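The values are calculated or read from the model by the stated rules, or taken from the named source; none is laboratory data. Keep in mind the model is a prediction, meaning the values are calculated, not measured. Every residue, glycine as well, gets a Cβ built from its backbone with ideal geometry; the counts of neighbours run over all protein chains shown.
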Ligand SMILES: Nc1ncnc2c1ncn2[C@@H]1O[C@H](COP(=O)(O)OP(=O)(O)OP(=O)(O)O)[C@@H](O)[C@H]1O
Ligand SMILES: [Mg+2]
């Protein structure tokens with residue numbers, strides 16, 4: 001097994017008296033998708049916000065490639081190779097799909113102040129953007145405005161934007177939310193493929209997808225880590241069954 | 001020249017006409033023309049913030065005024081100052097003021113940003129109004145205009161209305177060109193992204209604060225160029241040029257012309273200055289011309305209500321009916337609305353059009 005690319009230890013986030021994330025520890029490795037599941041309000045999105053830098057932690061450590069990134073702003077973490085998607089689709093609706101991705105790719109451009117050169121003449125940016133759209137199977141919508149894409153396509157676009165920044169670690173917050181069966185299947189295949197050469201932390205409610213994709217599972221309830229282990233261990237865990245799986249859909 | 005869109009060509013045509021104007025026009029019209037072009041530079045600099053970066057500054061006159069005062073303070077009482085020294089100094093002073101104030105204000109957003117930019121501008125107003133630094137409320141006269149020499153040879157005589165007109169024209173074309181390039185460069189695309197969805201830009205790795213501060217500083221410097229030229233033209237500065245009225249005036253020019261389109265800022269400045277001339281003309285309006293602000297205000301309200309994209313937007317619709325501009329609006333509904341109205345600026349049209357040709 002490879003070394004973990006991300007190590008989270010005793011991470012906590014308090015909102016006033018509420019511990020939305022309460023001393024959570026976990027590790028993510030390249031090639032071994034790590035899924036976080038838990039009921040609504042368990043603190044999954046808060047955990048992702050802590051890892052991406054949208055929120056700063058009340059306590060605990062986030063080690064990425066051996067370096068504590070807990071104090072870094074979101075843009076710094078992104079530049080280190082951490083990319084996230086949002087639970088509620090978060091794109092540039094009035095830009096074309098390609099322009100959405102090109103903007104993402106542009107963030108890696110070393111000389112953004114070079115004002116004389118038109119953005120369109122950067123071949124590397126354009127080709128990265130096209131590759132990202134290709135990867136999520138959206139090439140034929142490249143020149144359509146993002147707001148004209150279907151919900152499922154917008155979710156795909158958001159993943160493409162993540163990919164255009166060429167990340168090492170992907171934090172995906174419910175990428176399947178609101179998708180139809182067919183769209184879901186395609187997205188699951190895409191994530192499986194990405195998982196080969198990316199470290200992925202996946203938050204997802206769809207248990208079929210989770211058990212299909214994850215090598216490691218963490219169950220959160222009320223901000224706390226209830227259990228962590230292989231899918232088999234989690235499925236067999238009594239506590240988990242009582243607290244979560246029993247009341248949600250039964251895993252296959 | 002592939003970056004130039006049709007309205008830009010139109011403007012170039014207008015510029016050419018203007019270049020020929022001094023051959024026939026009277027001093028009055030030359031001075032009016034120069035005033036319009038100076039205000040157009042000022043409006044362009046504000047549009048970089050409001051229309052292209054989503055930063056609604058309500059204190060933009062501060063930078064205009066700082067540069068104007070810089071010229072007035074540097075200029076000796078009875079001799080001409082050196083153009084090549086005073087211009088960079090005045091622009092740098094304005095940009096520096098914008099950098100310092102921007103450092104403090106671009107962290108805020110929305111209504112707070114509006115209030116804080118206004119507050120800083122009013123502070124500068126108070127400094128010039130209440131202290132002897134810039135002659136207090138009386139201001140300072142610039143008795144002799146700067147001298148524009150190259151290798152000892154006087155290239156332009158700024159005392160001549162025609163030659164000053166040319167200087168303003170060159171400045172306007174230069175500023176327009178710089179902004180046009182900048183907005184097509186990655187920097188401009190990033191600003192467009194920041195205006196639409198700042199959070200997403202950060203999570204994609206853009207140092208949003210630096211981008212905003214860069215835009216704010218540049219806008220301050222360009223406003224300073226306008227202020228410098230205005231001080232040259234009128235030969236006089238007083239605290240009113242950095243008061244909130246002045247910030248409001250340039251804001252109205254931008255809105256009148258249509259935010260987020262460079263030609264809109266120019267058109268808005270021209271429309272505002274010309275309307276002001278019209279409504280304050282006692283030959284046309286008699287005693288009522290004293291109340292020109294009332295007539296102006298009414299007309300501007302009507303224009304803005306009838307044409308949300310301003311006069312510039314109206315011209316865009318008339319000019320062409322193709323494509324869509326990415327990035328003016330931030331919500332799907334409003335973007336759809338503007339897609340129908342087709343009144344979007346040309347910049348991203350070019351992007352979209354070229355994408356179609358771009359092989360993968
Ligand atoms: N910014 C905030 N301020 C205050 N409380 C918050 C904030 N964000 C989240 N919370 C609270 O923290 C808890 C965890 O929320 P979070 O969104 O992380 O849950 P989740 O596991 O993602 O739920 P879901 O499955 O519904 O997306 C909830 O009780 C929520 O109300
Ligand atoms: Mg959530």
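Any idea which of (1) within 11 Å of ligand 1 (Cβ to nearest atom); (2) under 24 Å from residue A:205 (Cα atoms) is the one residue A:17 doesn't satisfy?
Here residue A:17 meets the rest and fails (2).
Among (1) under 16 Å from the mean Cα position of the chain (by Cα); (2) more than 7 Å from every other protein chain (Cβ to nearest Cβ), there is one condition residue A:75 misses while meeting the rest; what is its number?
Every listed condition holds for residue A:75 apart from (2).
So residue A:90 passes all but one of these: (1) within 16 Å of ligand 2 (Cβ to nearest atom); (2) within 29 Å of residue A:136 (Cβ to Cβ); (3) crowded, with 23+ Cβ neighbours inside 10 Å. Which condition number does it fail?
Failing condition for residue A:90: (3).
Limited to the range A:66-115, what total is found for residues that are at negative phi and assigned to a loop (DSSP other than H, G, I, E, B)? It would help to see each step written out before you state the result.
Step one: of the range A:66-115, the residues at negative phi are A:67-80, A:82-115.
Filter once more, keeping what is assigned to a loop (DSSP other than H, G, I, E, B): A:69-73, A:85-95, A:107-115.
Of the residues in the range A:66-115, 25 are at negative phi and assigned to a loop (DSSP other than H, G, I, E, B).
Out of contact with any helix residue (DSSP H, G or I) (no Cβ under 9 Å at 6 or more places or on another chain), modelled with pLDDT under 95 and over 20 Å from residue A:218 (Cβ atoms) - does that describe any residue in the range A:52-70?
Yes, there is a match, as at least one residue in the range A:52-70 is out of contact with any helix residue (DSSP H, G or I) (no Cβ under 9 Å at 6 or more places or on another chain), modelled with pLDDT under 95 and over 20 Å from residue A:218 (Cβ atoms).
In the range A:116-167, which residues are closer than 14 Å to residue A:194 by Cβ, at the interface with chain B (Cβ under 10 Å from one of its Cβ atoms) and not in a helix (DSSP H, G or I)?
Those that are closer than 14 Å to residue A:194 by Cβ, at the interface with chain B (Cβ under 10 Å from one of its Cβ atoms) and not in a helix (DSSP H, G or I): A:165, A:167.
Would you point out which residue out of B:324, B:288 is at pLDDT 50 or above and more than 30 Å from residue B:223 (Cβ to Cβ)? Give the derivation first.
Numbers: B:324 fails: at pLDDT 50 or above.
Going through B:324, B:288 in turn, the sole match is B:288.
Any idea how many residues of the range A:35-59 are away from ligand 2 (no atom under 13 Å from the Cβ) and under 16 Å from residue A:176 (Cα atoms)?
1
Please specify each residue of the range B:194-220 satisfying the condition of being touching a helix residue (DSSP H, G or I) at 6+ places or on another chain (Cβ under 7 Å) and closer than 16 Å to residue B:47 by Cα.
Residues of the range B:194-220 touching a helix residue (DSSP H, G or I) at 6+ places or on another chain (Cβ under 7 Å): B:194-195, B:198, B:201-208, B:211-213, B:215-220.
Within the range B:194-220, B:194, B:195, B:211, B:212, B:213, B:215, B:216, B:217, B:218, B:219, B:220 meet the criteria.
If I filter the range A:22-35 for residues that are near ligand 1 (Cβ under 8 Å from one of its atoms) and assigned to a strand (DSSP E or B), do I get at least one hit?
Let us first name the residues in the range A:22-35 that are near ligand 1 (Cβ under 8 Å from one of its atoms), namely none.
The answer is no; no qualifying residue exists.
Filter the range B:181-234 down to the residues that are within 17 Å of the chain's Cα centre (by Cα) and facing chain A (nearest Cβ under 10 Å), then identify the one that is surrounded by the fewest Cβ atoms within 10 Å (Cβ to Cβ).
Applying the filter and picking the extreme gives B:181.
Would it be correct to say that residue A:66 is within 16 Å of ligand 1 (Cβ to nearest atom) and away from chain B (no Cβ under 11 Å)? Let's see the steps before the verdict.
Values: within 16 Å of ligand 1 (Cβ to nearest atom): no; away from chain B (no Cβ under 11 Å): yes.
Here the answer is no, as residue A:66 does not meet what is asked.
Here are the criteria: (1) at the interface with chain B (Cβ under 7 Å from one of its Cβ atoms); (2) touching a helix residue (DSSP H, G or I) at 6+ places or on another chain (Cβ under 7 Å). Tell me which single one residue A:89 does not satisfy.
Here residue A:89 clears every test but (1).
Since residue A:3 meets every condition but one in (1) within 19 Å of residue A:62 (Cβ to Cβ); (2) within 15 Å of ligand 1 (Cβ to nearest atom), which condition does it not meet?
(2)
Of everything in the range A:1-13, what is within 12 Å of residue A:224 (Cα to Cα) and surrounded by 13 or more Cβ atoms within 10 Å (Cβ to Cβ)? Give them in sequence order.
As a first pass, look at the range A:1-13 and keep what is within 12 Å of residue A:224 (Cα to Cα): A:10-13.
If the condition is that a residue be within 12 Å of residue A:224 (Cα to Cα) and surrounded by 13 or more Cβ atoms within 10 Å (Cβ to Cβ), then A:11, A:12, A:13 are the ones that fit.
Here are some residues: A:60, A:53. Which one is closer than 16 Å to residue A:171 by Cα, within 16 Å of ligand 1 (Cβ to nearest atom) and free of Cβ contacts under 8 Å to residues at least 60 places away in the same chain? Full working, then the answer.
Values: A:60 fails: closer than 16 Å to residue A:171 by Cα.
Among A:60, A:53, only A:53 is closer than 16 Å to residue A:171 by Cα, within 16 Å of ligand 1 (Cβ to nearest atom) and free of Cβ contacts under 8 Å to residues at least 60 places away in the same chain.
Going through the range A:39-50 one residue at a time, which ones are more than 6 Å from ligand 1 (Cβ to nearest atom) and out of contact with any helix residue (DSSP H, G or I) (no Cβ under 8 Å at 6 or more places or on another chain)? Steps first, please.
The initial filter retains those residues of the range A:39-50 that are more than 6 Å from ligand 1 (Cβ to nearest atom), namely A:39, A:47-50.
Scanning the range A:39-50 gives A:47, A:48, A:49, A:50.
Which one of these does residue A:40 not meet: (1) at pLDDT below 95; (2) closer than 14 Å to residue A:203 by Cα; (3) buried (at least 18 other Cβ atoms within 10 Å of the Cβ)?
Condition not satisfied by residue A:40: (3).
State the number of residues belonging to the range B:82-113 that are buried (at least 21 other Cβ atoms within 10 Å of the Cβ) and either touching a strand residue (DSSP E or B) at 6+ places or on another chain (Cβ under 9 Å) or under 30 Å from residue B:143 (Cβ atoms) (or both).
Here the count works out to 10.
Contact list please: Cβ distance under 7 Å, first residue in the range B:264-286 and closer than 18 Å to residue B:303 by Cα, second residue surrounded by fewer than 15 Cβ atoms within 10 Å (Cβ to Cβ), pairs at least six apart or on different chains.
B:278/B:284
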